[in-house]
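Note sheet for the following structure.
A short reminder: the numbers here are calculations on the coordinates, not readings from a lab. All values derive from a computational prediction rather than experimental measurement. Neighbour counts run over all protein chains shown; Cβ positions are idealised from the backbone, glycine included.
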Amino acid sequence: MCGSQVPGSLQWIFIKNDWNFAVIGQRLITQINALDPPMEAFKEITGGDMPEIVFDTTGNIKSMTDPFRYPANGGKLIFVGLVKSDIVFSDPNFHSKELTLMTSRNAIKDDFNHLIKATQSGKINVDSNITHRSKFEHMINTFNDWFNPETVLIKSTVEL
């Protein structure tokens, strides 16, 4: 999964999984097939400005090598996913774009407890991120549909 933000705006979010990019902007969802080179589509969607912030949470070595091309000049690339391998990239390209490379840290139990309390109290609204829901008794019939690239899965929940 890879997400990004256009400079000066929270208008666009790019979510990457193994099949596609879901482009969510102003309540419009568009898909870009991740197996096709996405650069032209990103340029078209952002009006030539590439995303200011790009997140990669895949943990996939190829996916984590590619996103150095996606941030705008002066942008940030944030790795959330962990890959147990070396990540190789073009240093001249990295420096010429003046990119910032960041990584996340592993959360601890207190972090999860804080998020659970904030969600339960309504301080964090997770409903806007949930694209797929299923009741437990229907899960066996709906699970495979969630992995269809055409359904643009962002977050799913199973209701008990």
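Structure above, values below:
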quantity	calculated
Met64, Met102 arranged by Cβ crowding within 10 Å, fewest neighbours leading	Met102, Met64
Relative contact order of the stretch 62-160, defined on C-alpha pairs under 8 angstrom at six or more residues apart (%)	22
Equivalent-ellipsoid semi-axes of the stretch 109-159, from the Cα gyration tensor, Å, largest first	26, 13, 10
Sparse-neighbour loop sites [trypsin sites (Lys or Arg not before Pro); the stretch 95-134; at most 15 other C-beta within 10 Å; DSSP]	Arg105, Lys123
Least to most buried among Leu77, Leu99, Leu82 (fewest other Cβ within 10 Å first)	Leu82, Leu99, Leu77
